[in-house]
Amino acid sequence: MHFDIERIPTGIPELDAVLRGGLIRQRVHLIEGRPGTGKTTLGLRYLIHGAQTGQRCLYLTLSESHDELLATARSHGWSLDGIQIEEIMPLPPETVSAQTILLPTDTELSALVGRIADTIAESGAERVVIDSMVEVRLLARDSPHYRRQIIDLRQRLARLDATVILLDDLTADGREYELQSAVHGVVTLEQLERSFGAARRRLRVVKLRGGDFQSGWHDYAIQKSEILVFPSLIAQEHQREDGVRDMSSKVACLDRLVGGPLTAGSSTMIVGPSGSGKSTVALQYALAAVESGCHVGYFSFDESESTLRSRMVAHMHQDAAPDEERRFHLQRINPSRISPGEFIWKVRRIVEDRNARLVIIDCINSYLDVIREEKSLLLQMNELFSYLSNMNVTSIIIGAHSARLDTSKEPDALSIITDNIVSLRYYEHENVVHKAICALKRRDGRHEHDVRELHLTDAGIEIGERITVPVDEIGVANFDS
């Protein structure tokens, strides 16, 4: 016999996406994580959403007081109207003095579990949060004792019309996963400190008995009025067939050099030392795309938004349509304050919400600092390139290096998985520093092999003739800003 599983939204749409619809109705779920990971905040958001949809909600606290919960809600700009808050002492007052010299007994833990179940039954609540299970664990003499009581609580709650979230601090010594094994679903929250910048928060669904979910780690962020979850990218789940657009630079010599317009869905890496003109070349493609009616997403890790936008506007034609600048979506990314998942989510929003056809990342060196601890640059970027390709979005990635291309090192290693490579460099002739450009790879066709002179002018870029004089590369240390 087939039973339909009803899902309960958590109030966090992207978390519901990870849970493939939400928590399973009338089941007991566990949210676990060290202090400071946001368990209470997530629990409150779950209940607030329920209250807003007319459901009876109960926050049963064994640790924080009523006033502390109100203060937490106020810090996020939330109201707890419509949510019943009940405080339960882990031990009745008459046993507190005895607890200091005697071990907890089966009776004390059973009594506490009974009070929790009775309070929930009397409230008639449909959504319940119990905070925190560490207080219950302290009354158990051992793991089997604790597990038996949790199973008893689960069975008693199964007779009620309540979808329950248990919160656990993971502060007990010698963790044996007895709580995880006794509940229906488990979500683990984690906070990772970085050597500089904001801590990184991420979560994963450990299990969801009887239901599907998206496995793996997903970054999340706690903001003043919201919890934002950034589901990890699965490229094969995304596809867009409409509006295939190849990307021309509208500079005839540059298009000939790289073998024609960039194919829709292809990835191009522009590499070279600092100041050699990488961003200017990328902006030329952005300008051409905007003029042809396409939306462009430009993610800058280095230059300020005002500087880049002024450069873009300066290169637009005087008779440009008013909406051309509005099609250029520039986002300044602070690498010390963003997680990999949040960055990829921002890319997705530009592609899916703004229908962008060209995405530029400037520069990949700074993005490396965001994901370096994972040592998964190629894996993450390959998934991002696959996603953009499936969505028929052309991508340009800018990478700065000071020596010849070396695919054994970052960021040059990224060139292995990109479709095209354009290299910029300095050279010296008659005591004058010049810039040069050449195409190193085009996966879907032929390209020129000439090294040509690159001129950066007020009107944009110009590609000169083939360089015939001996070219000596200049050390970037002499010119790096």
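So which pairs qualify, if the first residue must be in the range 324-340 and among the basic types (K, R), the second must be modelled with pLDDT under 90 and surrounded by fewer than 14 Cβ atoms within 10 Å (Cβ to Cβ), the Cβ gap must be under 8 Å, and the two must be at least 6 apart or on different chains?
R332/S304; R332/E305; R337/A198
Please give the number of the condition Y367 fails out of (1) of a type in the set (S, T, Y); (2) buried (at least 20 other Cβ atoms within 10 Å of the Cβ); (3) at pLDDT 85 or above.
Single failed check for Y367: (3).
Tell me which residues, restricted to the range 274-306, are surrounded by 23 or more Cβ atoms within 10 Å (Cβ to Cβ), touching a helix residue (DSSP H, G or I) at 6+ places or on another chain (Cβ under 7 Å) and outside any helix (DSSP H, G or I).
Hits for the range 274-306 are V296, G297, Y298.
Could you list, in sequence order, all residues of the range 65-86 that are charged (D, E, K, R) and either exposed (fewer than 14 other Cβ atoms within 10 Å of the Cβ) or over 21 Å from D118 (Cβ atoms) (or both)?
To start, the set of residues in the range 65-86 that are charged (D, E, K, R) comprises 67-68, 74, 81, 86.
The answer is D67, E68, R74, D81.
Tell me which residues, restricted to the range 282-336, are at pLDDT 85 or above, over 28 Å from the mean Cα position of the chain (by Cα) and over 15 Å from G460 (Cβ atoms).
Scanning the range 282-336 gives S292, G293.
Looking only at the range 224-237, which residues are more than 14 Å from L19 (Cα to Cα) and under 14 Å from the mean Cα position of the chain (by Cα)? Break it down stepwise before answering.
Here is the first cut: in the range 224-237, the residues more than 14 Å from L19 (Cα to Cα) are 224-228, 233-237.
Matches in the range 224-237: I227, L228, L233, I234.
Results for (1) surrounded by 13 or more Cβ atoms within 10 Å (Cβ to Cβ); (2) at pLDDT below 85, shown as yes or no for each residue.
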site: L384; (1), (2): yes, no
site: V393; (1), (2): yes, no
site: S408; (1), (2): no, yes
site: V432; (1), (2): no, no
site: A436; (1), (2): yes, no
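Tell me, which residue of the range 202-226 that is small (G, A, S) and touching a residue at least 12 places away in the same chain (Cβ under 8 Å) is surrounded by the most Cβ atoms within 10 Å (Cβ to Cβ)?
Initial filter on the range 202-226 (small (G, A, S)): 210-211, 215-216, 221, 225.
Okay, now just the ones that are also touching a residue at least 12 places away in the same chain (Cβ under 8 Å), so 210-211, 216, 221, 225.
Working: G210: 11, G211: 18, G216: 12, A221: 20, S225: 8.
Checking each candidate, the answer is A221.
Of all residues in the range 227-253 being within 13 Å of Y285 (Cβ to Cβ) and touching a helix residue (DSSP H, G or I) at 6+ places or on another chain (Cβ under 7 Å), which is surrounded by the most Cβ atoms within 10 Å (Cβ to Cβ)? Before you say what the answer is, go through the steps one by one.
Filtering the range 227-253 for residues within 13 Å of Y285 (Cβ to Cβ) gives 245-251.
Next, only the ones that are touching a helix residue (DSSP H, G or I) at 6+ places or on another chain (Cβ under 7 Å) stay: 247-251.
Details: M247: 25, S248: 16, S249: 23, K250: 16, V251: 18.
Among residues in the range 227-253 that are within 13 Å of Y285 (Cβ to Cβ) and touching a helix residue (DSSP H, G or I) at 6+ places or on another chain (Cβ under 7 Å), the one surrounded by the most Cβ atoms within 10 Å (Cβ to Cβ) is M247.
I need the full set of residues from the range 215-236 which are in contact with a strand residue (DSSP E or B) (Cβ under 7 Å, 6 or more places away or on another chain), assigned to a loop (DSSP other than H, G, I, E, B) and not small (G, A, S), in order please.
Passing the criteria: W217, P231.
The values are calculated or read from the model by the stated rules, or taken from the named source; none is laboratory data. Remember, it's a predicted structure, so these values are computed and weren't measured experimentally. So basically every Cβ, Gly included, is an ideal-geometry build from the backbone, and we count neighbours across all protein chains shown.
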